[in-house]
Amino acid sequence: MEKEYRLKDGGLIKASSPQEFVSKLREGSKFDSHLTDDEYMKVFAERFKIQTGKVIPLDTPERFLKGLFEAGYVRII
């Protein structure tokens, strides 16, 4: 079942799985859309830690998405 995710910056992603969420988040990136999903999660998590001090797990798309929820970056609408 597809869910709608609202990003802190106002963006909206519709995805049926955490993997699809990561792919769509990457595809919408201005600078990093050329990376693989795994590379993108790493770059995103590094940048997020620098900006917020919060650590986002990046070993699986499921844990990555859960970390973004817990950090307040994304919510289901």
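Observations
- Of all residues in the stretch 28-55, those satisfying the criterion of being assigned to a helix (DSSP H, G or I), within 25 Å of Ile77 (Cβ to Cβ) and within 11 Å of the chain's Cα centre (by Cα) are Asp37, Tyr40, Met41, Phe44, Ala45, Phe48.
- Output for the stretch 56-77, where each listed residue is in contact with a strand residue (DSSP E or B) (Cβ under 9 Å, 6 or more places away or on another chain), in a helix (DSSP H, G or I) and open to solvent by 50 Å² or more (accessible area, probe 1.4 Å): Phe69
- Among (1) open to solvent by 40 Å² or more (accessible area, probe 1.4 Å); (2) modelled with pLDDT under 95 - the single one Ser29 does not satisfy: (1)
- Restricting attention to the stretch 2-32, the residues that are over 14 Å from Glu62 (Cβ atoms) and not aliphatic (A, V, I, L, M) total 16.
- Contact map, the stretch 7-18: first residue at negative phi, second residue among the hydrophobic types (A, V, I, L, M, F, W, C) and open to solvent by 70 Å² or more (accessible area, probe 1.4 Å), Cβ cut-off under 8 Å, separation 6 or more or different chains; pairs are Leu12/Ile77; Ser16/Met1.
The values are calculated or read from the model by the stated rules, or taken from the named source; none is laboratory data. Bear in mind that the values here come from a model prediction, so they are computed numbers and not experimental data. No Cβ is skipped: glycine too gets one built from the backbone with ideal geometry, and neighbour counts run over all protein chains shown. Just so you know, the surface numbers come from the protein's heavy atoms only, side chains and all, with ligands and any DNA or RNA stripped out. Shrake-Rupley method; radii C 1.70, N 1.55, O 1.52, S 1.80 Å.
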